[in-house]
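The structure appears right after this line, and notes come after that.
Values in this text are rule-based calculations from the coordinates and carry no lab data. All values reported here derive from a predicted model rather than from experimental measurement. Cβ placement follows ideal geometry from the backbone for every residue including glycine, while neighbour counts extend to all protein chains displayed.
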Amino acid sequence: MNCTKIDEEISKNGEIIAIGIGNISVEKMDVYTPTTQKNATTTSSNSFSQTNDNSQTIGYSITYGATEKINKSKLAATEIAYDLKTGWRYKLIAYDKDGNQADLVTYIRCNIESEKQTLKLINGETYTFVCYSEYNTTNSNNGTIPTLKALTTTNLNTAEISSLDGGAAFMFWKETHKVTKELKLRINLRHQFHGYEIRLKAPAGYTFSISNGTASGLGARIYPSVTQVRFKISDLTLTQAIPNPSRPNPDTVNTHFEKLMGSDYLTPYITIGRTIRFVDPDNKTSLLGDNAKFVQELYCDETSMLTIHDQNFPIYTKYKSVIRIHDLRLRKVSNNATTSNQTLFIHNIDMKRYKMNRITINLIPPAGF
């Protein structure tokens, strides 16, 4: 008997080996266009504009998403995924066949020493691998979040990530693999919240201004939203939304919001909504501040947590989303005439989890203005 050969076979299937990452990227979101409203326009008959002068009332039309579905199989790899930015943190966890945590590593992107780390696992065994990451949806500090949320337990079937911040982008990946010395994980993280690209545009010959609410808490906002949720890693469900109890929804002065959504809206949505953080058109690396200025177009691109009507988002499912534009004024370029300040509510916005919800709000001048 060749004892050496027997020992080699035993160690091959039972030895502890290092498993690392071959590639990590973030999946780009498909643009979502509602099937019942493809290329549809919603007019101002579905809005409420808070002004006492009908001759000053600003209308709008809204257009959703892309005009056609993107075929990912025909796109280059760079068009369907992008790299994590320098400084972003991401956790990699391995679970054995019983769901017990076998190893965990936290990485920092582009930190050479950090990204040398590997999982130590048993060769020949099958594991479920989980990876997740977060980044700030503001453009401050490259989006870096210094500490990722921890798991509540070490078992795959019960582990949750709690207190996820709805103002951040949260990304997740999970796959099962048999461990071999050749295994290199290829991770493509997927956004777990709603992405939204919102454009607010004036027609030719006009500009507009808003209070963006960066400091005031007013400005352009999406309702309803929550401050935190719990994410279960076994089935990707979101639970235990925590509303903000400090102020009534959506803002004490906007009582007409109840007329749009009905009195039931106040229960259980006690929250102040999610700010739509428009980019400053004169400084693309900064957000628009509270100092109102007249512009032709504003743009926002975010990934955030919303409690809107979506079959894949079961926290609250009674209502679709609402957009509010605060302190809106329209100006005619030819004579500098401006409308009075008003608040525009746009409701029944159709959005979907995991998708990039592209929404263009085209402002319509008052008749005769």
* Structure fact -> Exposure-ranked with fewest Cβ neighbours within 10 Å first, Arg274, Arg199 stand as Arg199, Arg274
* Return one quarter of the surface area of the convex hull spanned by the alpha-carbon atoms of region 323-363, equal to its mean projected area, in nm². => 3.8
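For a footprinting-style exposure proxy, rank Asp350, Asp280 by other Cβ within 10 Å, fewest first. Don't skip to the end; give the middle numbers.
Working: Asp350 22, Asp280 16.
Listed from fewest to most nearby Cβ atoms, that is Asp280, Asp350.
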